[in-house]
Amino acid sequence: MTDKTDDYGGLKLAVLISGSGSNLQALIDANLPITYVLSNRKAAYGLERAAKASIPTDVFSLFAYNKANPGKTREDYDTALAERILAQKPDLVVLAGFMHILSESFLNPFAAANVRILNLHPALPGEFDGAHAIDRAYDAYKQGLITRTGCMIHEVVKEVDRGQPLLIKEVPFQEGDSLADIEERIHQVEHVIIVEATKQALQTLKEQKVGQA
């Protein structure tokens, strides 16, 4: 495998997934320096995508953690999850469809290590935070409440989907749209902005690294 970190000054990118990994695939196809992929679901197809690209993978689920550690809390899991990821020494973490709300037990160690965490969310800032955002936006469209939705890449903070946006892209509804139609168009846009925002973040880190040299 070609060491893609060379193109980014040795920077390392960790990607967290839960499902099919189509956004992970966009990052892989963009030749970004992904050195670690973690899923909280062992059946996630994204793990196969990473393996095909010779990227090291890991599985660490809340269910398995609780089963192996009776009496432990969700916050304990988040602490262990953070330790597991930080052990890989990433310079940037991207949540690409990672279906787990992260607590301060996870976020604080990354803040202390000065490692940024970015998240992809299929809604516009302040609209449809949390799960099932596309479904809820589609329902609002059918009720005549909105004419567009969108997606964004944002910094991760303890308030779900409320971090500072890096990139925002509106996706208009079209007459006769089904839920599947708008889902497909949003996913197409997601594949573009997740790459663009990640490249921007890596470039910023690279410039900072050069400035500190």
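The values are calculated or read from the model by the stated rules, or taken from the named source; none is laboratory data. None of the values given here were measured: they were computed from a predicted structure. Quick reminder, even Gly has a Cβ in these numbers, built from the backbone with ideal geometry, and neighbours come from all protein chains shown. The protein model used for the area step is the full one, side chains on, heavy atoms only, and it has no ligands, DNA or RNA in it. Shrake-Rupley method; radii C 1.70, N 1.55, O 1.52, S 1.80 Å.
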Normalised contact order of the chain, rounded percent, pairs of Cα under 8 Å and 6 or more residues apart: 19 percent
To the nearest 10 square angstrom, what accessible area does R41 show with a 1.4 Å probe? 120 Å²
Bin all alpha-carbon pair distances of segment 1-50 at 10 Å intervals from 0 and give each bin's fraction as a whole percent. 28, 52, 19, 1
Taking R0 as 22 Å, what's the FRET efficiency between A140 and E184 from their Cβ-Cβ distance, rounded to 0.05? 0.75
Which one of A96, H154, S61 has its Cα pushed farthest toward the positive end of the charge dipole of the chain, where Lys and Arg give +1 and Asp and Glu give -1 at the Cβ? S61
Need the full-extension length gain, N66 to K169, defined as separation in residues times 0.36 nm minus the C-alpha distance. One decimal, nm. 33.3 nm
Stokes-Einstein D for segment 35-102, Kirkwood Rh over Cα pairs, 25 °C, 0.890 mPa s (µm²/s): 191 µm²/s
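Just how many % of Cα pairs in the chain lie over 22 Å apart, if you round to the nearest whole percent?
51 percent
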Please name whichever of G46, T35, A82 sits farthest to the positive end of the charge dipole of segment 4-88, dipole taken about the Cα centre and charges placed at Cβ: Lys and Arg +1, Asp and Glu -1. G46
Would you mind telling me the share, in percent, of accessible area of segment 70-111 contributed by carbon and sulfur at probe 1.4 angstrom? 51 percent
Counting each pair of different Cα atoms once, what's the Kirkwood radius of segment 82-137 in Å, rounded to one decimal? 12.7 Å
Go ahead and run the numbers for FRET between L107 and Q212, Cβ-Cβ distance against an R0 of 30 Å, rounding to 0.05. 0.80
Which one, I186, L167, A133, is farthest towards the positive end of the dipole of segment 130-213 when Lys and Arg carry +1 and Asp and Glu -1 on their Cβ? L167
With +1 on each Lys and Arg Cβ and -1 on each Asp and Glu Cβ, and nothing else charged, work out how big the dipole of the chain is about its Cα centre, in Debye to the nearest 20. 600 debye
Nearby lysines by direct alpha-carbon distance to K199 (threshold 23 angstrom, same-chain neighbours under 8 apart not counted): K4, K12, K52, K89, K169, K209
